[in-house]
Amino acid sequence: MAVISIAGEYAGLETQKALDLGLNVMLFSDNVPIETEIELKKYALEKGLLVMGQIVELLL
């Protein structure tokens, strides 16, 4: 499990790195673009992992 709480402009890249390592992610960062968050959550789903945080689940 990775907990990511950094500036939104860096959070997407760090979340991607964690997913590539096979880690579930608790994303606790503001200003992550919605498009980035959706892509990360879809990628995690494909790998059988979770990206938790925000309310984008309603859009998937």
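The values are calculated or read from the model by the stated rules, or taken from the named source; none is laboratory data. Computed from a predicted model, the values in this text were never measured in an experiment. Note that each Cβ is placed from the backbone with ideal geometry, even for glycine, and that neighbours are counted across all protein chains shown.
Of all residues in the range 9-42, those that are in contact with a strand residue (DSSP E or B) (Cβ under 8 Å, 6 or more places away or on another chain) and in a helix (DSSP H, G or I) total 8. Under 9 Å between Cβ atoms, at least 6 apart or on separate chains: pull out the pairs that start in the range 16-31 with a residue that is charged (D, E, K, R) and end on any residue that is buried (at least 16 other Cβ atoms within 10 Å of the Cβ) and assigned to a helix (DSSP H, G or I). Matching pairs, first to second residue: ASP30/ALA11.
Residues are listed down the side, and each one gets a yes or a no for (1) touching a Lys or Arg at 6+ places or on another chain (Cβ under 7 Å); (2) surrounded by 13 or more Cβ atoms within 10 Å (Cβ to Cβ); (3) modelled with pLDDT under 95:
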| position | (1), (2), (3) |
| --- | --- |
| GLU14 | no, yes, no |
| LEU21 | no, no, no |
| ASN24 | no, yes, no |
| PHE28 | no, yes, yes |
| LYS41 | no, yes, yes |
| LEU45 | no, no, no |
| GLY53 | no, yes, yes |
| LEU59 | no, no, yes |
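Among the residues of the range 20-47, those that are within 8 Å of the chain's Cα centre (by Cα) and under 15 Å from SER5 (Cα atoms) comprise VAL25, MET26, LEU27, GLU37.
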